[in-house]
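Here is the structure we will look at, set down as structure tokens.
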Amino acid sequence: MALRVGIIGAGSIGCYVGGSLLMGGAEVSFLGRERIAAVAAEHGLRITDFRGLDHHLTSAQLWFYTDIAAMADRDCVIVTVKSGDTAAVAADLAKVLNTRTIVISLQNGVGNAAVLQQAMPNNRVLPGMIGFNVLEGDKGCFHAGTDGEVIIQDTPIAQELAGFFAASGTPFETHADMPSVLWSKLLLNLNNPINALSGLGLKEELSQRGYRLCLAALQREALAAISAANIPIQKLTAVPARWLPAVLSLPDFVFKRLAQPMLAIDPLARSSMWEDLQRGRKTEVEWLNGEVLRLAADYGIAAPINARVRELIQLAEQGGRKDYSADELLAAIRA
């Protein structure tokens, strides 16, 4: 019998992950907003990536629900909701899941699995992360525009999922030290607010040194806190994590030559935080820059750049600017 998977929060990431698993033969049920359910009913789902994947799933192939009770029979559920919704979703899942159901968090930030575990102490909860950006397009299209992989805590269920992801060519790994992986991923996710405030595609933003200097400043503060906490850092990109601020600070012509893999990005790709601001949704800044600030405070370390960027995103959520030029944003965070 096929593995029964539930996608909890079928937005951009959830639809892409669920579609990839469906390609591999898993039995997938999607839980999402009525808007996405209506799009899926009319158009089905189309998952594409910058490598050339283009696969359409018809509406007849999809089981899409808006009631969480439909997840009760799943062997595992993959949680892809925004971090701010984790506690509420965890409380709802606790009411309907069998204790044999395995719960996997594929979310930004470092603490979501702990929130899920607290609400469901009798279920196995696994931390995971997704290292590429997915942008929702028209007519049910979900496009992965950057390189990266899915990584889940090394367990038998994770190894089973690897076979289902293989059909779509989605890079997949298991790892024994997921807290280290999540903090390493958070370093990369610190570009999300920079991208959101630039108003540009990821490739165009990262091609400009001023924006990269903003990101480098955020990462230096984060690395100081991570080092104080003795958290190991994993290499998730071609550039070792501790070298990232120095590499990002290079002049444009040197950066484009030496860090070409970092610019292997579809011109359409943008961060999830940019998408949240465009749709008028609350962002995950508290689970990115906010996590850096909390870790830094635990060790008596200042992180004023992360505090300032969090402030600028919060202002943008309230209708403030989200179209800074590189020089303007660099000046704003240094002010």
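The values are calculated or read from the model by the stated rules, or taken from the named source; none is laboratory data. From a predicted model like this one, the values you see are computed outputs, not experimental measurements. Cβ sites come from the backbone with ideal geometry, for glycine too, and all protein chains shown count toward neighbours. For the accessible areas, the whole protein counts, side chains as well, though only heavy atoms, and no ligand, DNA or RNA atoms are used. Shrake-Rupley method; radii C 1.70, N 1.55, O 1.52, S 1.80 Å.
So here's what we get for this one:
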item: Surface share of carbon and sulfur [accessible, 1.4 angstrom probe, percent] for the chain; result: 52
item: Exposure of Y65 as accessible area (Å², to 10), given a probe of 1.4 Å and all protein chains; result: 80
item: DSSP-defined antiparallel bridges as percent of all bridges, the chain, nearest 5; result: 25
item: Sparse-neighbour loop sites [trypsin sites (Lys or Arg not before Pro); the range 285-330; at most 14 other C-beta within 10 Å; DSSP]; result: R321
item: For L57, residues with placed amide H under 5 Å, excluding near neighbours; result: L45, R46, I47
item: Leading residue at positive end of dipole, the chain (Cβ point charges), from V181, C214, A119; result: C214
item: Relative contact order (%) - criterion: Cα under 8 Å, at least six apart; region: the chain; result: 16
item: Rounded accessible area of D85 (nearest 10 Å², 1.4 Å probe); result: 70
item: Nonlocal amide H pairs with V28, under 5 Å, H built at 1.01 Å; result: V5
item: Expected 222 nm ellipticity per residue - DSSP helices of 4 or more, -39500 (n - 2.57), all of the chain, to 500; result: -13000 deg cm²/dmol
item: Accessible area per residue in Å² at 1.4 Å probe, computed on the chain; result: 41
item: Charge dipole (debye, nearest 20) of the range 51-150; +1 at Cβ of Lys and Arg, -1 at Cβ of Asp and Glu; result: 280
item: Trypsin sites (Lys or Arg not before Pro) lying in DSSP loop within the range 50-128, provided at most 14 other Cβ fall within 10 Å; result: R51, R100
item: Per-residue ³J(HN,Hα) for the range 133-147, Karplus 6.51 cos²θ - 1.76 cosθ + 1.60, θ = phi - 60°, Hz, x for Gly and Pro; result: 8, 10, 10, 7, x, 7, 6, x, 8, 10, 10, 8, x, 9, 6
item: With all protein chains modelled, accessible area of S168 [1.4 Å, Å²]; result: 10
item: Cβ charges +1 (Lys, Arg) and -1 (Asp, Glu), total dipole of the chain, debye; result: 500
item: Computed over the range 1-103, Cα set: Rg, Dmax in Å; result: 13.2, 41
item: Span from the the range 1-61 Cα centroid across to the the range 72-89 one, whole angstrom; result: 16
item: Assigned charges on the beta-carbon of Lys, Arg, Asp, Glu; the range 1-61 dipole about Cα centre (debye); result: 100
